[in-house]
Amino acid sequence: MYLGFDDDEEIHWDDIPSVPKGADQPTAVIYARCLPDDQSADLTTLIKRCKLSCELEGYILLRIFTDEDCTSQTRRILKSALEYCSGNNVNYLVVPALVHLSQYPKQLLKILNKLIDLDITVNTVSPDESTPFSNSFNSLLDLTKNVLSIENRDKIKNGMEDARKGGKIVHRLPVGLIRIKPQARTIHDEAIAPLIRMLFECYAKGQYTLREVTAFIARQGLTNPRTGKPFGLSSIKRILSNPIYCGLIRTSNRAITVRADFEPIVDERTFKFVQYRLFSDSLHPRRRGSLPTKSNPV
């Protein structure tokens with residue numbers, strides 16, 4: 001958090017309320033470093049801000065590490081601070097800003113991972129946007145978001161695959177099936193499932209073309225629930241090709257087929273017959289026949 005006082009403001013430490021020290025009171029170490037080309041505040045002012053933060057948070061301040069060499073590549077003082085934290089049961093590392101740990105995103109990420117391993121929380125006193133290195137840390141934040149996005153995407157993908165293997169539909173339910181909440185149980189749509197069954201049984205007879213069956217099932221009242229219009233020829237073909245209607249679900253690589261956890265609308269024998277008809281009719285279109293009616297069903 002940023003405490004918001006002027007650099008030259010006199011701080012009266014006696015006026016700051018302190019938390020009674022106890023055995024379970026969190027401990028802290030302060031680390032501050034001179035930054036190249038940063039004239040926003042000197043080390044003395046930065047340390048004052050960090051000490052004030054410790055007082056307000058109720059931390060027991062164990063030690064202060066200051067690094068006045070802004071050109072050092074070995075970071076000897078920072079290494080000493082981390083070693084001290086590791087051996088003295090420190091809970092918090094208080095810094096003026098994350099850029100004091102490192103101005104390079106990858107190096108900062110390593111330092112933060114080290115602190116996580118030590119179970120130490122980093123507490124920043126002032127916002128990183130006030131430093132000239134904000135672009136570097138915006139890059140770090142973007143990198144972190146991308147890593148988390150990839151991890152979440154993989155978790156979602158693996159979760160969906162596990163759900164498929166468990167017989168669940170992970171995408172939008174096909175027409176004729178509905179999901180009951182909060183149990184998330186899949187059941188038949190009582191108004192549409194009988195029409196889907198009629199569609200399969202009608203086409204399985206092998207006496208009618210796909211176009212004839214499409215026109216027939218539209219007259220029986222099968223329409224797209226989202227548009228209210230009859231399904232087109234290609235949509236009817238997709239319905240007839242969907243193994244979900246016979247209670248089978250393919251995994252993402254389509255190599256494994258598992259039994260769904262709901263009652264199928266059509267039996268597996270009828271579905272296989274329809275697949276044979278779709279393939280056969282694509283090669284040899286069948287002659288036209290007399291379509292069934294409501295009074296004379298299939």
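Average projected area of the Cα convex hull of the stretch 177-283, in nm²?
Projected over every direction and averaged, the Cα hull of the stretch 177-283 covers 7.6 nm².
By the scheme Lys and Arg +1, Asp and Glu -1, what is the net charge of all other residues having a beta-carbon under 14 Å from that of residue 269?
Around residue 269, the charge tally is +1.
Neighbouring Cβ atoms within 10 Å as the yardstick, rank 117, 281 fewest first.
So the residues, fewest neighbours to most, are 117, 281.
Rank these for me by crowding, 84, 203, 276, 59, going from fewest to most other beta carbons within 10 Å.
Listed from fewest to most nearby Cβ atoms, that is 276, 84, 59, 203.
For residue 224 and residue 113, calculate 0.36 nm times their separation in residues minus their Cα-Cα distance, and state this gained length in nm to one decimal.
Values: separation 111, 0.36 × 111 = 39.96 nm, distance 5.27 nm.
Contour length minus the Cα-Cα distance gives 34.7 nm.
How far apart, in nanometres, would the label points at residue 215 and residue 272 be if each is projected 7 angstrom from Cα along the Cα-to-Cβ direction?
So the two model labels end up 3.3 nm from each other.
Listed here are the pairs 168/229; 114/165; 51/114; which of them are more than 31 Å apart at the Cα?
114/165
The numbers here are math on the coordinates, done by the rules we state, and not lab data. All values derive from a computational prediction rather than experimental measurement. Methodologically, a virtual Cβ is constructed for each residue, glycine included, from the backbone with ideal geometry; neighbour enumeration extends over all protein chains shown.
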